[in-house]
């Protein structure tokens, strides 16, 4: 099949729901992003757990991000295959997802117990000692848990893009071309005197 890839069009590379689950279950890191009081975007890397369609992470209550997110709970979270642990399966999906969503804080004992245990196991899958050490490290009085409920996903499936560039998949296997890669891109091309795509 002839190559039809256009490097300016990337919204056609989504993940399947199964691939989303695999990426979110196997990547150990995410970047939490929020806005400061004066409007600056800020991001910090966190370990996380993905459960019930929510992204769960933790930090100390006195961190600036706690006050910022309590003031405005709109946040973004980026998760990429770069967060896979060393030795992860080559069959896992590659690429990244940015989730736009809203954060909710938890500090009850029931949530702390399951989340601390889940995060400790995720980061120490082959070491009970490491799991217990990390669990005890997390279990501190200043710690709070943040759960982000996604409202929008911005996806880039690196494996799908690679196969498209190689010409080894059909056009029907691609995702829908989003408005940024239709209306907005062609408006910008028109401003520059370029033909639409």
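The values are calculated or read from the model by the stated rules, or taken from the named source; none is laboratory data. Just so you know, these numbers come straight off a predicted model, no measurement behind them. We place every Cβ from the backbone using ideal geometry, glycine too, and count neighbours over all the protein chains shown.
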Within region 102-123, tally of residues that are modelled with pLDDT under 95 and surrounded by 14 or more Cβ atoms within 10 Å (Cβ to Cβ): 0
Cβ-Cβ under 7 Å pairs, at least 6 apart or on other chains, region 172-197 side loosely packed, with under 11 Cβ neighbours inside 10 Å, far side part of a loop (DSSP other than H, G, I, E, B): none
Boolean, residue 88 is surrounded by fewer than 16 Cβ atoms within 10 Å (Cβ to Cβ), more than 28 Å from residue 140 (Cβ to Cβ) and touching a residue at least 40 places away in the same chain (Cβ under 8 Å): yes
Any hit, region 56-67, residues being in a loop (DSSP other than H, G, I, E, B), within 26 Å of residue 174 (Cα to Cα) and either touching a strand residue (DSSP E or B) at 6+ places or on another chain (Cβ under 7 Å) or touching a residue at least 12 places away in the same chain (Cβ under 8 Å) (or both): no
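Kindly indicate whether residue 50 is in contact with a helix residue (DSSP H, G or I) (Cβ under 7 Å, 6 or more places away or on another chain), at negative phi, surrounded by 17 or more Cβ atoms within 10 Å (Cβ to Cβ) and assigned to a loop (DSSP other than H, G, I, E, B). Working first, answer last.
Values: in contact with a helix residue (DSSP H, G or I) (Cβ under 7 Å, 6 or more places away or on another chain): yes; at negative phi: yes; surrounded by 17 or more Cβ atoms within 10 Å (Cβ to Cβ): yes; assigned to a loop (DSSP other than H, G, I, E, B): no.
Against the criterion (in contact with a helix residue (DSSP H, G or I) (Cβ under 7 Å, 6 or more places away or on another chain), at negative phi, surrounded by 17 or more Cβ atoms within 10 Å (Cβ to Cβ) and assigned to a loop (DSSP other than H, G, I, E, B)), residue 50 does not qualify.
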Hits in region 125-146 (condition: touching a helix residue (DSSP H, G or I) at 6+ places or on another chain (Cβ under 8 Å) and either over 30 Å from residue 16 (Cβ atoms) or at pLDDT below 95 (or both)): 130, 131, 132, 134, 135, 138, 139, 143, 144
Test set (1) under 14 Å from residue 99 (Cα atoms); (2) modelled with pLDDT under 95 - residue 10 fails condition number: (1)
Hits in region 140-171 (condition: loosely packed, with under 11 Cβ neighbours inside 10 Å and under 24 Å from the mean Cα position of the chain (by Cα)): 151, 152
Residue within region 129-138 that is touching a residue at least 40 places away in the same chain (Cβ under 8 Å) and within 23 Å of residue 67 (Cβ to Cβ) present: yes
Selection status of residue 96, modelled with pLDDT of 95 or more, closer than 22 Å to residue 34 by Cα, touching a strand residue (DSSP E or B) at 6+ places or on another chain (Cβ under 7 Å) and surrounded by 14 or more Cβ atoms within 10 Å (Cβ to Cβ): yes
Condition check for residue 163: farther than 20 Å from residue 50 by Cβ and in contact with a helix residue (DSSP H, G or I) (Cβ under 9 Å, 6 or more places away or on another chain): yes
